[in-house]
1. Go through segment 206-230 residue by residue and tally those that are open to solvent by 30 Å² or more (accessible area, probe 1.4 Å) and out of contact with any Asp or Glu (no Cβ under 7 Å at 6 or more places or on another chain).
2. Could you count how many residues in segment 344-363 are closer than 11 Å to Asn292 by Cβ and either modelled with pLDDT under 95 or open to solvent by 10 Å² or more (accessible area, probe 1.4 Å) (or both)?
3. Of everything in segment 201-220, what is away from the ligand (no atom under 13 Å from the Cβ) and of a type outside the set (Asp, Glu)? Give them in sequence order.
4. Among the residues of segment 306-327, count how many are exposed (fewer than 14 other Cβ atoms within 10 Å of the Cβ) and in a helix (DSSP H, G or I).
5. Return the residues of segment 6-38 that are at negative phi and of a type in the set (A, V, I, L, M); say none if nothing qualifies.
6. Being assigned to a loop (DSSP other than H, G, I, E, B) and either among the hydroxyl-bearing types (Ser, Thr, Tyr) or within 11 Å of the ligand (Cβ to nearest atom) (or both) narrows it down to one of Thr198, Thr229, Thr234, so name that one.
7. Taking Arg78 as the residue in question, decide whether it is away from the ligand (no atom under 16 Å from the Cβ), within 20 Å of the chain's Cα centre (by Cα), at negative phi and surrounded by fewer than 15 Cβ atoms within 10 Å (Cβ to Cβ).
8. What are the residues in segment 296-342 that are of a type in the set (S, T, N, Q) and in contact with an Asp or Glu (Cβ under 8 Å, 6 or more places away or on another chain), if any?
Amino acid sequence: MRSIGMPLRKLDRGEGAYVWDDEGTEYLDFLAGIAVNSLGHAHPVFVEAVSRQAATLAHVSNYFTTEPALELAERIVRLAGAGENGRAWFGNSGAEANEAAFKLARLNNSGEARTRVLALVDAFHGRTMGSLALTGKPHMREAFEPLAGGVEHIPATIEALEASIDDAVAALILEPIQGEAGVVELPAGYLEAARDLTRRHGALLIVDEIQTGAGRTGEWFGFQHAGITPDAITVAKGIGGGIPIGGLVTFGAASDLYSKGQHGSTFGGNPLATAVANAVLGEIERADLVGNAARRGPQVRERIEAIGSPLVAGTRGRGLLIGVALTEPVAGKIVDAALARGLIVNAANDVTIRLAPPLIIGDAEIDAFTDRFAAALADVAHAAS
Ligand SMILES: *Cc1c(COP(=O)(O)O)cnc(C)c1O
């Protein structure tokens with residue numbers, strides 16, 4: 001097999017916030033499969049749900065429904081506050097959820113010529129051709145153009161939105177915090193202004209909650225910090241805790257846009273994936289892991305700032321989606337140094353370390369993180385001097 005760059009470490013097993021490689025080396029996992037393993041690794045609730053459902057009914061076609069699928073739709077509509085007319089559709093990944101959202105935007109045209117879709121500069125919405133068209137990162141797009149038409153990327157400022165929006169806009173899609181861009185928050189008041197402007201122009205407000213959902217930011221979904229009601233959200237990553245699942249949740253009148261037969265997926269919403277997502281979300285609720293994310297996030301950030309490393313400019317984010325801003329472009333070196341110290345973190349870009357630990361972390365994990373991260377920062381600072 002051909003490998004590019006550094007050889008990948010081969011991971012073997014996990015438990016809680018820790019994983020081990022095939023040589024028995026332990027790592028504290030502060031990335032959680034990129035915000036996926038909400039309950040950490042091999043959580044008994046996850047293991048039990050997979051086993052029980054696999055032994056009952058793993059898959060049926062879309063010609064039937066199942067109790068886990070109905071229960072998950074109801075649960076996610078309730079947690080999102082999508083109300084009476086809320087609806088959920090399930091697929092297998094985040095990109096697929098955003099494909100469903102893009103198609104929803106195209107359906108918002110009832111006889112008018114709504115050909116424009118607005119997205120934000122630096123946005124990440126996935127790697128399939130439609131979700132890539134929504135993604136605002138030229139280096140990811142260029143090799144694959146032409147992409148689906150009509151998408152315009154605007155800077156994340158209220159002024160840019162005011163200047164761009166008109167009655168030809170079908171939808172505005174955005175992340176409440178841009179995770180891949182380096183855990184970048186929207187300007188204060190942006191979501192409220194976006195809600196107001198999209199409503200005034202008949203455009204849908206679609207919030208990509210794939211990285212920010214499932215309690216990670218200290219609310220069930222990132223938009224809830226702003227107290228607005230979107231027309232749709234997309235979910236994936238953390239709602240399955242490790243089983244592949246994604247979904248589109250629609251609110252109010254947006255729930256009437258799709259009609260029967262306009263979208264589908266063979267695996268989407270199968271009883272295995274939906275039973276596991278139910279169990280994961282149920283455990284997040286039971287153990288108040290949304291509250292834990294809200295409480296632990298500031299603790300992690302205080303500890304990082306208290307290290308006092310000259311490489312750290314500051315921290316940002318919400319709950320347990322944290323960006324560590326660096327004073328120098330050494331994120332890759334810090335990731336490698338952290339691995340050598342038994343810690344998994346991620347370089348969102350050259351100047352930002354991204355942290356997305358499992359939502360179950362407590363004092364012991366934060367202590368271990370602080371020791372290992374401080375050591376890694378010192379290793380890199382020392383090597384540079
Ligand atoms: C990860 C991510 C996606 C893509 O999800 P996949 O499951 O990798 O297809 C889309 N949007 C956001 C905000 C993400 O973080």
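1. Total satisfying the criteria: 5.
2. Number satisfying all stated conditions: 2.
3. His201, Gly202, Ala203, Leu204, Leu205, Gly215, Gly218, Trp220 - these are the residues of segment 201-220 that are away from the ligand (no atom under 13 Å from the Cβ) and of a type outside the set (Asp, Glu).
4. 1
5. Answer for segment 6-38, where residues must be at negative phi and of a type in the set (A, V, I, L, M): Met6, Leu8, Leu11, Ala17, Val19, Leu28, Leu31, Val36.
6. Within the list Thr198, Thr229, Thr234, the selection yields Thr229.
7. Considered against the rule, which asks whether it is away from the ligand (no atom under 16 Å from the Cβ), within 20 Å of the chain's Cα centre (by Cα), at negative phi and surrounded by fewer than 15 Cβ atoms within 10 Å (Cβ to Cβ), Arg78 comes out as yes.
8. Selection gives Thr315 alone.
The values are calculated or read from the model by the stated rules, or taken from the named source; none is laboratory data. Since we're looking at a predicted model, the values are computed, not measured. Cβ coordinates were reconstructed from backbone atoms using ideal geometry, including for glycine residues, and neighbour counts include every protein chain displayed. Heavy atoms of the whole protein, side chains included, go into the accessibility calculation; ligands, DNA and RNA do not. Shrake-Rupley method; radii C 1.70, N 1.55, O 1.52, S 1.80 Å.
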